[in-house]
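Colleague: Once you've had a glance at the structure underneath, I'll fire off some questions.
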Amino acid sequence: MTVALPDPMTPAPWSIRRTRRETHDTFTLELEVANGRAAVPFAPGQFNMLYVFGAGEVPISFSGDPAKPKMLVHTVRAVGAVSRAICKLKRGDAVGVRGPFGSSWPLAEAIGSDIVMVAGGIGLAPLRPAVYDLLARREKYGRIALLYGARTPRDLLFQRELEQWRSRFDLQVEITLDTASKDWRGNVGVVTKLIAAAAFDPLSAVALVCGPEVMMRFTVLELKRRGMSDENIYLSMERNMKCAIGFCGHCQFGPAFICKDGPVFRYDRIRDWLGLREI
């Protein structure tokens, strides 16, 4: 029996099951499928196009558990007209969903290796599905480190889960803040400062990096200083996406399209373009 795939240009109706405020400007939305439609599995690192009726459409990475495809989870920061409209949605409101789109984190290829994840700000959201997947198959990997940086304590995402992850003996979690309050007892400084002391073998580890572009450039430099090769470093890139299937050209990045060839790229594929202002 052949199963018809959804039209990639037609939003499917989903409804808001629950919303949760993560920070002063960031919300996590849980979506449940409407009208009995079948759920579409996704891989960590991929994204959906979320459509708010009357406002528009934006690309948002998955931030939920890939083992639970019947419930889509997306974490959204209110920074533009559409994302602000998404963050105002309430339980029962309708959302149009297209996807999943894009490449994913290379978790299957990394089996047997150490994993180091480096996240900056909202960049923890696209990495959270990778954390879920890695922990679900923990015995297949070597050491796993999660290094997370945020601006202030009020900007930390998923705080309850971070505490749960930090309590595990098989996962190294290090958190740092750019600016700390008087009661903060953790690290202070940029997230790249955590790389030198992270527990991983640089000759064989795989790095997953997501955050502001300038943060990712300096993260690559620190990882290479530890001895990692370009071929074992993966970045999640962000650009202005419209069609999500490589037709419109809005997200062209050198010879590649972020929506179709990315958003996850191996560093050696994009190192010549990363940091160029006109790209």
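Colleague: Would you kindly derive the ³J(HN,Hα) couplings of the range 228-236 from the backbone phi angles with the Karplus curve 6.51 cos²θ - 1.76 cosθ + 1.60 (θ = phi - 60°), listing them in order in whole Hz, with x for Gly and Pro?
Modeller: 6, 8, 4, 6, 9, 10, 10, 10, 9
Colleague: Relative contact order, percent, of the range 128-279 when contacts are C-alpha pairs under 8 Å separated by at least 6 residues?
Modeller: After rounding, I find 16 percent.
Colleague: Give me the net charge of LYS68's neighbourhood, meaning all other residues with Cβ under 13 Å from the Cβ of LYS68; Lys, Arg count +1, Asp, Glu -1. Provide the component values of the computation, followed by the final result.
Modeller: Details: positive: ARG17, LYS70, ARG128; negative: GLU30, GLU32, ASP65, ASP133.
Residues near LYS68 contribute -1 overall.
Colleague: Specify which residue in the list VAL131, ILE195, THR176 is farthest towards the positive end of the charge dipole of the range 113-263, using unit charges on the beta carbon of Lys, Arg (+1) and Asp, Glu (-1), about the Cα centre.
Modeller: Farthest towards the positive end: THR176.
Colleague: For the range 13-52, what does the alpha-carbon gyration tensor say about shape, rounded, prolate or oblate, given a ≥ b ≥ c as the root eigenvalues, a/c under 1.5 as rounded, and a/b over b/c as prolate?
Modeller: Judged from the Cα gyration tensor, the range 13-52 comes out oblate (a/c at least 1.5, b/c at or above a/b).
Colleague: Could you please state how large a percent of the accessible area of the chain is carbon and sulfur, counting protein chains only and using a 1.4 Å probe?
Modeller: Working: 7040 of 13570 Å².
Answer for the chain: carbon and sulfur cover 52 percent of the accessible area.
Colleague: Given the protein chains as shown and a 1.4 Å probe, how many square angstrom of VAL79 are accessible, to the nearest 10?
Modeller: Only protein atoms counted, so the area is about 110 Å².
Colleague: How far is helix 124-136 tilted, in degrees, relative to the longest principal axis of the Cα atoms in the chain, given as a value from 0 to 90 rounded to the nearest 10?
Modeller: The angle comes out at about 80 degrees.
Colleague: Considering the chain, which cysteines have no disulfide-compatible partner, defined as another cysteine with its Cβ under 4.7 Å away?
Modeller: Singleton cysteines: CYS87, CYS210, CYS251, CYS259.
Colleague: What number, rounded to the nearest 500 deg cm²/dmol, is the helix-based mean residue ellipticity at 222 nm of the chain, given -39500 (n - 2.57) per DSSP H run of at least four residues and division by all its residues?
Modeller: -5000 deg cm²/dmol
Colleague: So if I restrict to the alpha-carbon atoms in the range 34-140, what is the Rg, and what is Dmax, the biggest pairwise distance, in Å?
Modeller: 14.9, 47
Colleague: While we're looking at this one, here's another question. Around THR28, what is the net charge, scoring Lys/Arg as +1 and Asp/Glu as -1 over all other residues with Cβ under 12 Å from its Cβ?
Modeller: +4
Colleague: A follow-up question, please. In Å², what does the accessible area per residue of the range 38-140 work out to with a 1.4 Å probe?
Modeller: With all protein chains present, the range 38-140 gives 38 Å² per residue.
Colleague: What FRET efficiency, computed as 1/(1 + (r/R0)^6) with R0 = 35 Å and r the Cβ-Cβ distance, is obtained for ASP272 and CYS248, rounded to the nearest 0.05?
Modeller: Details: r = 24 Å, r/R0 = 0.67.
The pair ASP272/CYS248 has a calculated efficiency of 0.90.
Colleague: Let me ask something else about it. How large is ³J(HN,Hα), in whole Hz, for each residue of the range 140-149 in order, when computed from phi with the Karplus curve 6.51 cos²θ - 1.76 cosθ + 1.60 and θ = phi - 60°, using x for Gly and Pro?
Modeller: For the range 140-149, the Karplus-derived couplings read 8, 10, x, 6, 10, 10, 10, 10, 10, x Hz, x marking Gly and Pro.
Colleague: Among the listed pairs LYS70/LYS90; LYS68/LYS140; LYS68/LYS224; LYS70/LYS260; LYS140/LYS260; LYS68/LYS193, give every one whose C-alpha distance is greater than 27 Å.
Modeller: Too far apart for the 27 Å limit: LYS68/LYS224; LYS140/LYS260; LYS68/LYS193.
Colleague: Also: Please name which of SER167, THR219, HIS250 has its Cα lying farthest along the dipole of the chain towards the positive end, using unit charges on Cβ (Lys, Arg +1; Asp, Glu -1) and the Cα centre as origin.
Modeller: It is SER167.
Colleague: Nearest 5 percent is fine: what portion of the DSSP beta bridges confined to the range 128-238 is antiparallel? It would help to have the intermediate numbers written out before the result.
Modeller: Numbers: 0 of 11 bridges.
So the antiparallel bridges amount to about 0 percent of the total.
Colleague: Could you compute how much accessible surface LYS224 exposes when probed at 1.4 Å, giving the result in Å² to the nearest 10?
Modeller: Number for this one is 80 Å².
Colleague: At 1.4 Å probe size, with no ligands or nucleic acids counted, give the accessible surface of HIS24 in Å², nearest ten.
Modeller: In the full protein context, HIS24 sits at about 80 Å².
Colleague: Ok, one more. Please give the per residue accessible area of the range 153-279, computed with a probe of 1.4 Å over protein heavy atoms only, in Å².
Modeller: 54 Å²
Colleague: So what does log10 I(q)/I(0) come out to for the range 28-93 at q = 0.21, 0.24, 0.26 Å⁻¹, using the Debye formula with one equal point on every Cα and no solvent?
Modeller: Values returned for q = 0.21, 0.24, 0.26 Å⁻¹ are -0.91, -1.15, -1.28.
Colleague: Still on this structure, I have one more. Quick one: of the DSSP bridges fully inside the chain, what percent are antiparallel, nearest 5?
Modeller: 60 percent
Colleague: Let me ask something else. Could you go through the range 188-196 in sequence order and give the Karplus-derived ³J(HN,Hα) for each residue, using 6.51 cos²θ - 1.76 cosθ + 1.60 with θ = phi - 60°, rounded to whole Hz, and x for Gly and Pro?
Modeller: In residue order, the calculated couplings are 10, x, 6, 5, 5, 5, 7, 5, 4 Hz.
The values are calculated or read from the model by the stated rules, or taken from the named source; none is laboratory data. Since the structure is predicted, the reported quantities are computational estimates derived from the model, not experimental observations. Every residue, glycine among them, receives a Cβ derived from its backbone with ideal geometry; neighbour counts consider all protein chains shown. When the accessible area is computed, the model is the full protein with side chains, heavy atoms only, and any ligands, DNA or RNA have been set aside. Shrake-Rupley method; radii C 1.70, N 1.55, O 1.52, S 1.80 Å.
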